[in-house]
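**Student:** Just dropping this structure here.
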């Protein structure tokens with residue numbers, strides 16, 4: 001029996017900043033990421049996840065051991081407002097990861113390596129369009145996701161000052177078109193696109209934590225967070241790892257799980 005409503009949550013990690021003044025590459029500059037990632041979390045029971053994260057947040061805010069941690073204070077507008085892996089202290093992260101491990105969540109991640117984007121920019125004599133990169137990653141992530149349930153609800157984290165709802169809807173429609181063309185199955189389902197922010201969406205808080213784990217693996221070589229949740233990652237698409245000669249890069253799945261030893265080091 002198919003799922004009646006599939007709930008997806010989409011966020012990003014890193015940035016698409018490539019060049020500074022006079023066309024100088026900013027890779028290696030403090031605060032500039034080495035990769036850009038987009039993640040999709042398919043949450044089977046978003047109401048249960050919302051309730052559990054809310055209870056956990058309240059428990060942590062009332063924990064005497066953590067009461068003097070600045071990120072826990074309301075004026076910091078961090079953990080007291082919503083969970084965010086980069087800002088949360090290690091004790092909070094541990095509890096959030098333990099909670100996520102108990103929930104039925106399926107995660108896909110698309111990755112672009114910025115060293116390759118810099119090289120492509122120089123070859124083409126023009127920088128890439130960040131929105132086009134993002135939309136192409138979204139299109140690929142959703143290509144085989146939207147035909148299984150009777151309807152889909154997709155919550156996107158707003159990008160900057162613009163929700164870009166129509167562009168995202170077009171990317172979703174292209175994903176459905178490509179699936180129908182390649183597989184021959186009609187993929188049209190009622191699909192609702194909702195722009196939101198993490199403070200208003202516990203699903204977005206969850207996908208942020210999954211992305212942070214992948215980002216730590218790729219940019220810091222630290223795999224303990226990723227390994228703890230490895231069974232939740234259904235597909236990781238490393239578009240710029242073309243060591244195998246495949247133009248679409250290297251894709252990791254249950255049949256070819258990602259490990260620190262397998263992945264191509266990220267250049268800075």
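**Student:** Please list the equivalent ellipsoid semi-axes of the range 52-153, computed as the square roots of five times the alpha-carbon gyration tensor eigenvalues, in descending order and whole angstrom.
**Tutor:** 36, 22, 11
**Student:** For residue 98 and residue 230 in one chain, what is 0.36 nm times their gap in residues minus the Cα-Cα distance, to one decimal in nm?
**Tutor:** Gain on stretching residue 98 to residue 230: 46.2 nm.
**Student:** Among 242, 250, rank each residue by its count of other Cβ atoms within 10 Å, from fewest to most, as a rough exposure measure.
**Tutor:** So the residues, fewest neighbours to most, are 242, 250.
**Student:** What are the semi-axes of the equivalent ellipsoid of the chain, taken as the square roots of 5 times the eigenvalues of the Cα gyration tensor, listed largest first and rounded to whole Å?
**Tutor:** 28, 25, 18
**Student:** Give me the Kirkwood hydrodynamic radius of the range 1-56 in Å, from all C-alpha pairs, to one decimal place?
**Tutor:** 14.7 Å is the Kirkwood radius here.
**Student:** When only alpha-carbon atoms are used, what values of Rg and Dmax, in angstrom, describe the range 91-211?
**Tutor:** In order Rg, Dmax, the Cα atoms of the range 91-211 give 16.6, 49 Å.
**Student:** When the Debye formula is applied to the Cα atoms of the range 46-103, each taken as the same point scatterer, what base-10 log of I(q)/I(0) results at q = 0.15, 0.25 Å⁻¹?
**Tutor:** Debye intensities relative to I(0), on a log10 scale: -0.39, -1.05.
**Student:** Using the number of other C-beta atoms within 10 angstrom as an exposure proxy, rank 241, 182, 45 with the fewest first.
**Tutor:** Ordered from fewest to most neighbouring Cβ atoms within 10 Å, 241, 182, 45 come out as 182, 45, 241.
**Student:** Can you give me the orientation-averaged projected area of the convex hull built on the Cα atoms of the range 185-268, in nm²?
**Tutor:** For the Cα atoms of the range 185-268, the hull's average projected area reads 8.3 nm².
Readers should treat all values here as calculations from the given coordinates under stated rules, not as data from a laboratory. All values derive from a computational prediction rather than experimental measurement. FYI the Cβ positions are ideal-geometry reconstructions off the backbone, even for glycines, and counts take in every protein chain you see.
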